[in-house]
Amino acid sequence: MRAYTDYKMPHIHHFVLTELNGGKQYGTCLTFYEEVILLDNGSSTVDDKKMYYAPKVLCILSSWPYLSAF
C-alpha cells in the first residue's frame, strides 16, 4: 500500500471482463483516500505524528451493464 501526504480526490473507473463463452461481467470501482496517522520512530507523542492518506477501493461486479448506475 502506498500512502500519500497530499489529499487526492476520489475517482471512478469502469471495466468489462469477457469470458471464453462470450459472457460478460461489468465492474465499477470507486477509489477514495482515507486519513491515517503514523507515528515517527515508534514514538507515541502527539508532536511526532504525521498525516497520510491511504487509498481504499470499493468494487461492484455485475452481469448487468448498468455501469453509470453503479
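Summary of values
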{"item": "Eligible lysines near Lys8 by straight Cα distance, threshold 30 Å, same-chain separation 8 or greater", "result": "Lys49, Lys50, Lys56"}
{"item": "Using θ = phi - 60° and Karplus 6.51 cos²θ - 1.76 cosθ + 1.60, couplings along the stretch 27-37 (whole Hz; Gly, Pro as x)", "result": "x, 9, 10, 10, 9, 9, 10, 9, 5, 9, 10"}
{"item": "Tyr53/Glu19 FRET efficiency (R0 30 Å; Cβ-Cβ; nearest 0.05)", "result": "0.25"}
{"item": "Estimated FRET transfer efficiency when R0 is 30 angstrom, pair Leu67-Leu38 (beta carbons, to 0.05)", "result": "0.25"}
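Every number here is computed from the coordinates shown, using simple stated rules; none is lab data. Because the structure is predicted, anything quoted here is derived from the model rather than measured. Using ideal geometry, Cβ is built from the backbone for each residue, glycine included, and neighbour counts are taken over all protein chains shown.
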